[in-house]
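Here, each number is a calculation from the coordinates, and none is a lab measurement. Please read all numbers here as calculations on a predicted model, not as lab measurements. Cβ placement follows ideal geometry from the backbone for every residue including glycine, while neighbour counts extend to all protein chains displayed.
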Amino acid sequence: MGLVVHKYGGTSLGDADRIRAVADHIARTRRTGDDVVVVVSAMGKTTDDLLRLANDVSSVHPPRELDMLATVGERISMALLCMALADRGVQATSFTGSQAGIITDTDHTRAKIVDVRPDRLLAALALGQVPVVAGFQGVSTDRDVTTLGRGGSDVTAVALAAALGASVCEIYTDVTGVFSADPRVVPSARRLPKVSFDEMLEIAASGGRVLMLRSVEYAKTHSVRLHVRSSFTWEPGTWIAEEEPAMEQAIVSAVTDDTSEAKVTVQGVPDRPGIAAQLFGTIAERSINVDMIVQNTSDAGLTDISFTVAREDLAATMAVCREVAPALGAAGVSSDDGIGRVSLVGAGMKSHPGVTARMFRTLAEAGINIEMISTSSIRISCVIRADRVEEAVRSLHGAFELGAAS
Ligand code: ADP
Ligand code: ASP
Ligand code: MG
């Protein structure tokens, strides 16, 4: 007998039938003898709807109030799921993030977990109950309700799995696992039976939104085994765990796409030590995450620095850049929100240097212009026009023969 954590995403809990199907599965799992802790997301598009309501009501959104609003969605799910479980004779108790002991810092709308104190969950388990926890939320060290960022229920699930020593954290979603590309973009994409933490980190970081990046980081740090699987078919999905020596290393495992970022360029900055440190130091102080950075070669002692940020952070980033531009001696600041990114990820790339050239050739043959490039040892990313991203993903998926064998 062990303990498993189940996390159910929005589509998995999209309506009453779905909630009943999830309750059936939890009841089934309990009958195998395992203890279950459940983490739920908000039903369907509830979080989007709540945030839209905030926009309709006001153009000013105090972050504390945004969090108070957004945490409502998960509370609806947890209460309804407990009712469906009661209907099946399974004793279940719902807990908000705060009640479940998810303690965070005070950075509203993107809070980080600083401690997990699951005493109430352990007490419920000891009574033979199924604790159902509202994902995506916690309570700050200042005792305010916080949220962990979009997609944050994945982090709640992994953090609880780590704190409770669960044998596995099962992430139930609307696809049957992690695929060689988003199956909505590439219908012939193949399900990957196993993915290493490092590959999954790169897939999540470069747009494969099936798992929130921070949940993969947390799982890797705390050695939590993840199983991404479908709440529609319940079939075995994708295991994410430490790389095993025998694991077959595909050269390229997945193509990812990301159209959630925008590009900022600071023009004509003096090419001397300290400039980048000052610029990115100030941006980091405002808790803005910078992704790709490219500094062009200098011309007459001046250079342009371009970087990408989440589109929702664009206005704040532009404000910071305009503020520091005079001190940097920059000529100007511009932005471009029509960019997208396509990436190839694969552990086998380390030992296969030809991948980059083949990627560029494939994009060139499709007439797609590359605007920025960044690489890690197991990923290559190209920034291109956003409206060419899906075509680029399909071309690369075909060129690298990632689809299911026919
Ligand atoms: P949930 O609500 O369950 O958290 P998400 O919408 O966050 O679900 O994540 C699941 C979605 O991720 C899928 O519907 C799929 O379209 C998308 N996705 C993007 N890239 C991939 C990939 N490589 N493999 C599987 N799914 C992917
Ligand atoms: N409901 C939240 C969101 O939509 C958290 C989650 O689904 O993981 O971002
Ligand atoms: Mg998700």
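Each Lys and Arg Cβ is given +1 and each Asp and Glu Cβ -1; about its Cα centre, the range 199-242 then shows a dipole of about 160 debye. Helix 46-57 axis versus longest C-alpha principal axis of the chain: approximately 60°, rounded to the nearest ten. Measuring from centroid to centroid over Cα atoms, what is the spacing of the range 290-315 and the range 1-48 in Å? Each part reduced to its Cα centre gives a spacing of 43 Å. The alpha-carbon of K263 sits under 13 angstrom from the alpha-carbons of these aspartates and glutamates, leaving out residues fewer than 8 places away in its chain: D291, D304, E312, D313, D336, D337, E371.
Considering only I103, I373, I19, the Gaussian network model of the chain with Cα springs below 10 Å gives its largest mean-square fluctuation to I373. Karplus-based coupling profile of the range 108-119, in residue order and whole Hz: 4, 6, 8, 5, 9, 6, 10, 7, 10, 10, x, 3, with θ = phi - 60° in 6.51 cos²θ - 1.76 cosθ + 1.60 and x standing for Gly or Pro. Computed 3J(HN,Hα) for the range 5-19, one whole-Hz value per residue from the Karplus formula 6.51 cos²θ - 1.76 cosθ + 1.60 where θ = phi - 60°, is 9, 10, 10, 10, x, x, 5, 5, 10, x, 8, 4, 4, 5, 5, glycine and proline marked x. Placing unit charges on the Cβ atoms only, positive for Lys and Arg and negative for Asp and Glu, gives the chain a dipole magnitude near 700 debye about its Cα centre. Loop-located trypsin sites (Lys or Arg not before Pro) in the range 285-360 (DSSP state other than H, G, I, E, B) with a sparse environment of at most 16 neighbouring Cβ atoms within 10 Å: R286.
Longest segment of the chain with no GluC sites (Glu not before Pro) in a DSSP loop having at most 13 other Cβ atoms within 10 Å?
Details: sites that count: E242, E248, E401.
That would be 1-241.
Calculate the spin-label point distance for S351 paired with T297, positioning each point 7 Å from the Cα along the beta-carbon direction, and give it in nanometres. In this crude label model, T297 to S351 measures out at 3.5 nm.
Percent relative contact order of the range 253-406, based on C-alpha pairs within less than 8 angstrom and at least six residues apart? Could you put the intermediate results ahead of the total?
Values: 265 pairs, mean separation 46.7, N = 154.
Across the range 253-406, relative contact order equals 30 percent.
Only lysines eight or more places from K45 in sequence, or on another chain, were considered; those with a Cα closer than 24 Å are K7, K112. So which trypsin sites (Lys or Arg not before Pro) in the range 213-262 end up in coil per DSSP with only 16 or fewer other C-beta atoms within 10 Å? Qualifying residues, ordered by number: R225. Take every Cα pair under 8 Å whose residues are at least 6 apart in sequence, average their separation, divide by the length of the range 65-147, and the relative contact order is 38 percent. Modelled spin-label separation between Q99 and A123, with each label point placed 7 Å from Cα along the Cα-to-Cβ direction: 1.1 nm. Computed over the chain, relative contact order equals 14 percent, with contacts defined as Cα pairs under 8 Å that lie 6+ residues apart.
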